[in-house]
Amino acid sequence: ADNWEQAKQVAITPAMLQGDWEKLPADHTLSKRFRRNMPVLYRAKDPGDSLVFDFKGTTAAVFDLLGPDGGQLLVRLDDLKPVVRNRIDGYCTYHRMAKTPVATEAKAGRHRVRITLAPTKLDKRAILFERNRARFDQSPAKYSGHTWYAGSLLVIGDVLPADDR
């Protein structure tokens, strides 16, 4: 019952992006580092920047990055209360691939997803494990960003075209 053989990785398109997103150039440090698994990376730069898409199915997530400049997301499925997801954790002295869950085994059917970079400024030093706080103290500028890097969608179902919303 929990087999993912029907899962699909779907490219994020500019039509799904609302706000001031940046498509990272191919020569950007993060683009080069993660190119094998994320051929395109988009960066949400400002609070309110959103990724919006509709899908027909049961499960959705976003392949993204966790890192020292990660912000906080509000993840909304349909009309449910948004779920908060931080894009930094205790290990984040560097960037690494991750997955932001959106819908897990939702009722089969059509769903609307809106993921928004929240204005909340995180206490990143407190989020880091104690053993990593010295790195924060040595390079606080590395942690000053408030962003989100999104690479692609993972769905069990189909992403619907923007004109079908």
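Observations on the model:
- 222 nm mean residue ellipticity, helices alone, for the chain (DSSP H n ≥ 4; -39,500 (n - 2.57); rounded to 500): -2000 deg cm²/dmol
- Full extension of the chain segment joining Arg114 with Gln138 gains 5.1 nm, where the gain is 0.36 nm per residue of separation less the Cα-Cα distance.
- In the elastic network of the chain, a GNM with C-alpha springs shorter than 10 Å, the most mobile of Gly109, Gly71, Gly151 is Gly109.
- Inter-centroid distance (Cα atoms) of the range 13-53 relative to the range 101-118, Å: 19
- Per residue, the average separation of C-alpha pairs within less than 8 Å and at least 6 apart gives the range 1-150 a relative contact order of 29 percent.
- Equivalent ellipsoid, the range 25-72 (semi-axes from 5 times Cα gyration tensor eigenvalues, Å): 22, 16, 10
- Relative pair counts by distance (%), Cα atoms of the chain, 5 Å bins: 2, 9, 18, 20, 20, 15, 9, 5, 2, 0
- Only lysine pairs 8 or more places apart or on separate chains count here, and in the range 51-165 those with Cα atoms under 28 Å apart total 13.
- Global geometry of the range 1-56, whether rounded, prolate or oblate, following the gyration tensor of its Cα atoms and the 1.5 cut on a/c: oblate
- Annotation: lysines with alpha-carbon distance below 18 angstrom to Lys32 (same-chain offsets under eight excluded): Lys23.
Here, each number is a calculation from the coordinates, and none is a lab measurement. Just so it is clear, the structure is predicted and the values come from calculations on it, not from any experiment.
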